[in-house]
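The block underneath contains the structure these notes are about, expressed in structure tokens.
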Amino acid sequence: MPRGKPSKGKCAYCSAEIAKNGVSKHLLTCSERQAIIQQAERKKGAGETLYHLRVQDTAHGEFWLDLEMRGSKTLKDLDSYLRRIWLECCGHLSQFSVGGWQGEKIPMSRKADDVFMYDNELTHIYDFGTESVTRIKVVDSRVGKPTTTRPLALMARNLMPESECIECKQPAAWLCMECLIEENVGGTLCDKHAKKHPHENYGEPIPLVNSPRLGMCGYEGPAEPPY
Ligand SMILES: [Zn+2]
Ligand SMILES: [Zn+2]
Ligand SMILES: [Zn+2]
Ligand SMILES: [Zn+2]
């Protein structure tokens, strides 16, 4: 469902709305983030390399996350995060690779430090049947104390992409799977037209959620960050 408008997101620290291509600049100057970094630096314990990752769907790039990942944490941690915020429908296999889709597979046990020392771009595939493909790129790194005890911190995320009702062009909040699969039309519907919609082979229309996997293999969300 490409919509052609420049994608916007939200800073997780100060809630400012930012353009997709302005995130890095914003994060470097965001005073709320700087305060959290300074607070972390006053804590005991060792610093480590922290990687700023831009994660996005490869289909339209309208779903994206800016994460800060601790160098000591593993790809498994990143995989778990992606599953929980975006992908998990029924426990499919997933993998990371370098050099794109057909590239070399990287074990899940590998630490971020050991991966990003050599490569600054990874491909993540979830589900080898109805695949969701995600690109992960290192856009920056710093050495410091992590701002969280978790493996990753969510720094920014795209706002829910806007879509129109196929009946009336008003903002849509629902998706009809039958339209999508059998009629090959968008299938996005407003509240009113979702109620009156005649299709039921795939059940009632499902709510639109902020994930590139919506509607794939019956994915219905919730697409909420795990932390
Ligand atoms: Zn901010
Ligand atoms: Zn599934
Ligand atoms: Zn409508
Ligand atoms: Zn329909």
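The values are calculated or read from the model by the stated rules, or taken from the named source; none is laboratory data. Keep in mind the model is a prediction, meaning the values are calculated, not measured. Cβ: placed from backbone, ideal geometry, glycine included. Neighbour counts: every protein chain shown. What goes into the accessible areas is simple: the full protein's heavy atoms, side chains included, and nothing from ligands, DNA or RNA. Shrake-Rupley method; radii C 1.70, N 1.55, O 1.52, S 1.80 Å.
Here is how the numbers come out for the structure above:
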| quantity | calculated |
| --- | --- |
| Within the chain, helix-based [θ] at 222 nm, where runs of 4 or more DSSP H residues each add -39,500 (n - 2.57), nearest 500 | -4000 deg cm²/dmol |
| Candidates Asp66, Asp57, Asp127: whichever shows maximal mean-square fluctuation once the chain is modelled as a Gaussian network with Cα springs under 10 Å | Asp127 |
| Global geometry of region 1-158, whether rounded, prolate or oblate, following the gyration tensor of its Cα atoms and the 1.5 cut on a/c | oblate |
| Local electrostatic count at Arg110 - Lys and Arg +1, Asp and Glu -1, tallied over other residues with Cβ under 12 Å | -2 |
| Ordering of 104-114, 179-189, 202-212 by burial proxy (mean other Cβ atoms within 10 Å per residue, highest first) | 202-212, 179-189, 104-114 |
| Amide hydrogen neighbours beyond the local backbone of Gly100, cut-off 5 Å, H modeled | Thr123 |
| Highest-MSF residue in the chain out of Cys168, Cys89, Cys30 [GNM, Cα springs under 10 Å] | Cys168 |
| Packing-based order for 220-226, 155-161, using average beta carbon neighbours within 10 Å, highest first | 155-161, 220-226 |
| Probe 1.4 Å, accessible area per residue of the chain, Å² | 52 |
| Total charge dipole magnitude, the chain, about the Cα centre, Cβ charges on Lys, Arg, Asp, Glu only, Debye to nearest 20 | 1080 |
| Fully extended contour minus Cα-Cα distance, from Ser97 to Ala19, at 0.36 nm per residue | 25.2 nm |
| Only Lys, Arg (+1) and Asp, Glu (-1) charged, at Cβ; region 115-227 dipole about Cα centre in debye | 660 |
| Entries in Lys8/Lys76; Lys20/Lys73; Lys20/Lys192; Lys73/Lys105; Lys20/Lys169; Lys76/Lys105 that, when Cα-Cα distance is taken, lie over 20 Å | Lys8/Lys76; Lys20/Lys73; Lys20/Lys192; Lys20/Lys169 |
| For region 20-36, 3J(HN,Hα) per residue [Karplus equation, 6.51 cos²θ - 1.76 cosθ + 1.60, θ = phi - 60°, Hz, x = Gly/Pro] | 3, 8, x, 5, 4, 4, 4, 4, 6, 10, 4, 5, 5, 5, 4, 5, 5 |
| Area accessible to solvent at Tyr13, 1.4 Å probe radius, in Å² | 40 |
| The chain: most fluctuating residue of Gln56, Gln95, Gln38 per GNM, C-alpha cutoff 10 Å | Gln38 |
| Nitroxide proxy distance, nm - points 7 Å out along Cα→Cβ at Glu32 and Ile181 | 4.0 |
| Anchor Lys111: aspartates and glutamates whose Cα lies under 16 Å away (excluding residues fewer than 8 positions away in-chain) | Glu48, Glu68, Asp77, Asp79, Asp119, Glu121 |
| Full-stretch length increase - Glu164, Tyr118 - with 0.36 nm per residue and alpha-carbon distance subtracted | 12.3 nm |
| Amide H within-cut-off set for Thr188, under 5 Å, with H built and near neighbours excluded | Ile166, Cys176 |
| With every protein chain in place, the chain: carbon and sulfur % of accessible area (1.4 Å) | 49 |
| Extension gain from Lys195 to His60, taking 0.36 nm per residue of separation minus the Cα-Cα distance | 45.7 nm |
| Cβ-derived FRET efficiency at R0 22 Å, Thr148 paired with Ser72, nearest 0.05 | 0.95 |
| Estimated vicinal HN-Hα couplings, Hz - region 157-164 in sequence order (Karplus 6.51, -1.76, 1.60; Gly, Pro = x) | 8, 4, 6, 3, x, 7, 9, 9 |
